[in-house]
Amino acid sequence: MHFLFYTHSAVSDWNHGNAHFQRGIMRELIARGHYVIALEPADGWSRCNLLAEKGSFAVERFRNDFPELMPVTYDASFDHEARIADADVVIVHEWTAPDLIARVGRARANGGDFTLLFHDTHHRAVSATEAISALTLEHYDGVLAFGEALRESYLRAGWGKRAFTWHEAADVRLFKPCRRMKPIADLVWVGNWGDDERSAEIREFLIDPARELILSGTVHGVRYPPAALNALADAGLHYEGWVANADVPKIFAQHRVTVHIPRRPYRQGLPGIPTIRMFEALACGIPLVSAPWSDAEGLFRPGQDFLFARDGDEMRRHLSDVLHDGELALTLAASGLETILARHTCRHRADELFDILAACGNRHVATRMPAKEAAA
């Protein structure tokens, strides 16, 4: 089958975690023998920031790390209709420009012989409802929502014809334990600052516990303001900026524990949806302690796959326990990896995608068990 993905960027993951899962699912489809193209704007915000910070090296890194992926950039003169005409499936990500979202929908309405899906991995459906309600989705065959709470938001609002729950997952071709490497530091956090969406949480669940426990550790991510950088340094944590996602498994392997700190809009408005980093960390077999979020869909086994910390004091205690109890650390790591391999890989999500395509009537997909969906 011929798949076409509209992405904000496949090349750049600079402050763009959505690229992680999109790359993983495209790689899985290619491994199964499908033809996959990723389209991205030539002037995309993430791509431009990465090039400004790292130069052409960043693009070369992408080509070396993901040689099977074929990104195509577009500008105002790009002939989208000609490109779409050959596709069997078109998946348009929520970060795509609204006018282009509508344009692709018109191509479907004007006789396009492809299944058209809208992919939402953001919180704007609950935090900026006017922006989502203004999108033209009536010609889309369905919405792929990265959590049940988000799917229900689409259904309640009547956005789109159908909505399906399609969680993110780990690309286990990339994210896996690095058994030969030994930890050289205590704590690692891979995540962006997030402005007001989790600045207080980063202080409570990362900076303060690291300082109080006198931990060695590393922080990777972008958009940290000077005050945050000073706080990290005061806590004894080394800030190392942007890191290519392909390097993260080695970084996890060099540390004894990591933390998961979801952004507040997800925790408050979209329960049941962790960040992509949680899937990736557990896939790498590193013990994880999470700041609060509600595992409303039972994705994991809290207390077995990872530890929940209700506040900064509990985070400090859990980190201390993991770092001083080798058996606890090994048990958490093994259990978390077990759950990822059993339920949350891009292989699982590809199977679910074909279920969804069958439910949408795609003529190239054999009938399978129906995916979880509901009529809008």
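The values are calculated or read from the model by the stated rules, or taken from the named source; none is laboratory data. Fair warning: this is a prediction, and the values are worked out from it, not measured in the lab. Note that each Cβ is placed from the backbone with ideal geometry, even for glycine, and that neighbours are counted across all protein chains shown. All accessible areas refer to the heavy atoms of the entire protein, side chains included, with ligands and DNA or RNA removed. Shrake-Rupley method; radii C 1.70, N 1.55, O 1.52, S 1.80 Å.
Quick rundown of the values:
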item	result
FRET efficiency, Leu341 to Leu100 (Cβ-Cβ, R0 35 Å, nearest 0.05)	0.40
Residue among Ala157, Ala358, Ala169 farthest towards the positive dipole end of the chain, charges placed on Cβ	Ala358
Debye, to nearest 20: dipole size of the chain, +1 on Lys, Arg Cβ, -1 on Asp, Glu Cβ	600
The chain, relative contact order [Cα under 8 Å, separation at least 6], %	16
Bridge type composition, the chain - antiparallel percent by DSSP, nearest 5	5
Mean-position separation - Cα centroids, segment 14-77 and segment 239-300, in angstrom	22
Part-to-part distance (alpha-carbon centres) for segment 84-129 and segment 145-205, which is given in Å	22
Gained length - Asp65 relative to Ile30, 0.36 nm times residue gap less alpha-carbon distance	11.1 nm
Protection-proxy order for peptides 285-296, 148-159, each taking the mean of Cβ atoms within 10 Å per residue, highest first	285-296, 148-159
Within a Gaussian network of the chain (alpha carbon springs, distance under 10 Å), most fluctuating of Arg179, Arg198, Arg343	Arg179
Gaussian network model of the chain, springs between alpha carbon atoms under 10 Å - residue of Thr218, Thr129, Thr121 with greatest fluctuation	Thr129
Label selected from (1) 19.3; (2) 17.7; (3) 23.4, the criterion being mean projected area of the Cα convex hull in nm² as computed here	(2)
For segment 158-261, projected area of the alpha-carbon convex hull averaged over all directions, nm²	8.9
Cα-based Rg of segment 302-363 normalised by 2.2 N^0.38 Å, two decimals	1.70
Apportionment of accessible area to carbon and sulfur, segment 1-114, percent (1.4 Å)	49
With DNA, RNA and ligands ignored, accessible area of Val126 (1.4 Å probe; Å², nearest 10)	60
Principal axis dimensions, largest first and in whole angstrom, of segment 237-376 by Cα	55, 32, 31
Cβ-defined net charge surrounding Ala309, 12 Å radius [Lys, Arg +1; Asp, Glu -1]	-4
Heavy-atom accessible area order for Lys182, Lys250, Lys54, largest first, 1.4 Å probe	Lys182, Lys250, Lys54
Theoretical gain in end-to-end length, Leu229 to Asp313 [0.36 nm per residue, Cα-Cα removed]	28.0 nm
Proximal aspartates and glutamates to Lys250, defined as alpha-carbon separation beneath 16 angstrom and excluding residues fewer than eight positions away on the same chain	Asp65, Asp171, Asp186, Glu240, Glu280
Gain upon complete extension [Asn110, Val243; 0.36 nm per residue less C-alpha separation]	43.6 nm
Equivalent ellipsoid semi-axes - Cα gyration tensor, segment 1-137, angstrom	23, 19, 14
Karplus 3J(HN,Hα) series, Hz, for segment 245-251 with 6.51 cos²θ - 1.76 cosθ + 1.60 (x for Gly, Pro)	4, 5, 8, 5, x, 5, 5
MRE, 222 nm, helices only [DSSP H, n ≥ 4, -39500 (n - 2.57), over the chain, to nearest 500]	-11500 deg cm²/dmol
